[in-house]
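Q: Submitted below is the structure of interest, expressed as structure tokens.
The values are calculated or read from the model by the stated rules, or taken from the named source; none is laboratory data. Computed from a prediction, not measured in an experiment: that's the story for all the values here. Cβ sites come from the backbone with ideal geometry, for glycine too, and all protein chains shown count toward neighbours. For accessibility, only protein heavy atoms count, side chains too; no ligands or nucleic acids. Shrake-Rupley method; radii C 1.70, N 1.55, O 1.52, S 1.80 Å.
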Amino acid sequence: LPSIFVALFLIGLVWFALAYERIIFAGLVTVAVVLGLRELIKAFKAVEIQIPLWSLTTAAVGLSAATWFGGISGLAVATAIALPCLLVLLLPRGIDNFVKTASASALALIYLPFLAGFLILLARPQNGLERVMTFVVLVGCNDTFAYLTGVLIGKHPLAPKISPKKTVEGVIGSLIFTILGGALAFHYIMGSDWWLGALAGLMTVFTATSGDLIESALKRDLAIKDMGNLLPGHGGIMDRLDSVLFAAPALWLALEIVRRAQDSGL
């Protein structure tokens, strides 16, 4: 029950931010990224990998601002500047574990602030509310129906060494309902062709499931169950962002291709 209330609250918060003033949504994404970075850094610390919190937090704020004001070019340039800066700031620590720390810092930068930048890119145009709510429908269908189908009829593990509870049946259920949800969302929310929504649903299942498995692999390697406990029934911020971070760039790309095709009269 707490997990349902948390999910509804988060959806309501996203809707309010986008409906009232879209820049608030960019702020919410930035806060979520910073909280996620704290969880990731704490997890790395458990295996004696020390990566800089304040440097990454500054980079996260910079990437979010650059994305909101500069679009995809802003995100690309900010990332290109942030990565060398992070590595330079590691130099005073000396050469001990430099490769390990630098690799973990680069992973944290790309995994959270960079990928989350695509959530801000989804919200940036005038129809940002419609785009993000369509994304919420797609990811919500994927997560909800993968879980329900897996619990009810799941028998065959998808990746037993990485995520024992994730099943093939769960992915099939997710595919059916996310494709259906995508078709409806594109037709009724975006005012676009239903078949584009079906394709977006297919793409969302692949990317979101991949993101979920990657976070599970991280947690298993670090020997932790959840990245945090901030959200009752959901674990930490990272446990909510895992599928979202990988699905956002894919949906942004799909919508960008559709937009450019329409602009060119195809």
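Q: Against the condition farther than 30 Å from Y188 by Cβ and either touching a residue at least 12 places away in the same chain (Cβ under 8 Å) or in contact with a strand residue (DSSP E or B) (Cβ under 8 Å, 6 or more places away or on another chain) (or both), how does T134 come out, does it pass? First the steps, then the outcome.
A: On the way: farther than 30 Å from Y188 by Cβ: no; either touching a residue at least 12 places away in the same chain (Cβ under 8 Å) or in contact with a strand residue (DSSP E or B) (Cβ under 8 Å, 6 or more places away or on another chain) (or both): yes.
It is false that T134 is farther than 30 Å from Y188 by Cβ and either touching a residue at least 12 places away in the same chain (Cβ under 8 Å) or in contact with a strand residue (DSSP E or B) (Cβ under 8 Å, 6 or more places away or on another chain) (or both).
Q: Here's another thing I want to ask about it. State all residues of the stretch 82-97 that are open to solvent by less than 100 Å² (accessible area, probe 1.4 Å) and closer than 22 Å to A60 by Cα; if no residue qualifies, say none.
A: If the condition is that a residue be open to solvent by less than 100 Å² (accessible area, probe 1.4 Å) and closer than 22 Å to A60 by Cα, then A82, L83, P84, C85, L86, L87, V88, L90 are the ones that fit.
Q: Looking at (1) within 18 Å of A217 (Cα to Cα); (2) in contact (Cβ under 8 Å) with a residue 12 or more places away in the chain, can you tell me which one P160 breaks?
A: (2)
Residue by residue, here is whether (1) at positive phi; (2) buried (at least 20 other Cβ atoms within 10 Å of the Cβ); (3) part of a helix (DSSP H, G or I); (4) among the aliphatic types (A, V, I, L, M) holds:
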{"position": "L152", "(1), (2), (3), (4)": "no, no, yes, yes"}
{"position": "K155", "(1), (2), (3), (4)": "no, no, no, no"}
{"position": "K161", "(1), (2), (3), (4)": "no, no, no, no"}
{"position": "T178", "(1), (2), (3), (4)": "no, yes, yes, no"}
{"position": "G182", "(1), (2), (3), (4)": "no, yes, yes, no"}
{"position": "F186", "(1), (2), (3), (4)": "no, yes, yes, no"}
{"position": "A198", "(1), (2), (3), (4)": "no, no, yes, yes"}
{"position": "G201", "(1), (2), (3), (4)": "no, yes, yes, no"}
{"position": "F206", "(1), (2), (3), (4)": "no, no, yes, no"}
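Yes/no matrix, rows are residues, columns are (1) of a type outside the set (S, T, Y); (2) open to solvent by 10 Å² or more (accessible area, probe 1.4 Å); (3) within 13 Å of A108 (Cβ to Cβ); (4) at pLDDT below 90:
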residue: F5; (1), (2), (3), (4): yes, yes, no, yes
residue: F9; (1), (2), (3), (4): yes, yes, no, yes
residue: G12; (1), (2), (3), (4): yes, yes, no, yes
residue: I24; (1), (2), (3), (4): yes, yes, no, no
residue: A32; (1), (2), (3), (4): yes, yes, no, no
residue: G36; (1), (2), (3), (4): yes, no, yes, no
residue: I49; (1), (2), (3), (4): yes, yes, yes, yes
residue: P52; (1), (2), (3), (4): yes, yes, yes, yes
residue: S64; (1), (2), (3), (4): no, yes, no, no
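Q: Any idea which residue in the stretch 235-258 is nearest to T30 (Cα to Cα), counting only those that are open to solvent by 20 Å² or more (accessible area, probe 1.4 Å) and more than 13 Å from the chain's Cα centre (by Cα)?
A: This residue is L253.
Q: Test A59 against the criterion of being open to solvent by less than 30 Å² (accessible area, probe 1.4 Å) and over 30 Å from Q126 (Cβ atoms), and give yes or no.
A: No.
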